[in-house]
1. When Ala82 is evaluated against the numbered criteria (1) open to solvent by 90 Å² or more (accessible area, probe 1.4 Å); (2) of a type in the set (A, V, I, L, M, F, W, C); (3) modelled with pLDDT of 95 or more, which criterion, by number, is the only one it fails?
2. Quick check on Leu65: is it open to solvent by less than 80 Å² (accessible area, probe 1.4 Å) and outside any loop (DSSP other than H, G, I, E, B)?
3. May I ask you to verify whether Ala46 is loosely packed, with under 11 Cβ neighbours inside 10 Å and not hydroxyl-bearing (Ser, Thr, Tyr)?
4. Return yes or no: is Met53 within 28 Å of Ala67 (Cα to Cα) and outside any helix (DSSP H, G or I)?
5. Determine the pairs where a residue that is part of a helix (DSSP H, G or I), located within segment 1-28, has a partner that is surrounded by 10 or more Cβ atoms within 10 Å (Cβ to Cβ) with Cβ atoms under 8 Å apart, the partner being 6 or more residues away or on another chain.
Amino acid sequence: FAGYLEAWMKTDFSARMQGVALRMKVLTGEYDPAITPKLMNETILAWNHRAEMDILPNCGHYPTLEAPVYLATVMERYLDGA
């Protein structure tokens, strides 16, 4: 568990993401204090012009627990279009 935190804090993959052009769906909770829509706009969406974001309403950091049916619906719709 401690190794996960260290990897999260010290691994910089931004250079490898520059210019990536894969279709990607970014999901973030409306009330997520860490993975905010602003952060996603400044990182993933800035690095990948094919990425799109959905903000999950009434969710924080754990949409699998907070809104599992809504999350599954968003994911299924995205994958149906793949």
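The values are calculated or read from the model by the stated rules, or taken from the named source; none is laboratory data. None of these values were measured; they are calculated from a predicted model. Here the Cβ positions follow ideal geometry from the backbone for every residue, glycine too, while neighbour counts run over all protein chains shown. Please note that ligands, DNA and RNA were not included when accessible areas were found on the heavy atoms of the full protein model with its side chains. Shrake-Rupley method; radii C 1.70, N 1.55, O 1.52, S 1.80 Å.
1. (3)
2. no
3. no
4. Judged against the criteria, Met53 is a match.
5. As it stands, the answer is Ser14/Thr43; Ser14/Trp47; Met17/Thr43; Met17/Ile44; Met17/Trp47; Met17/Asn48, since those pairs meet every condition given.
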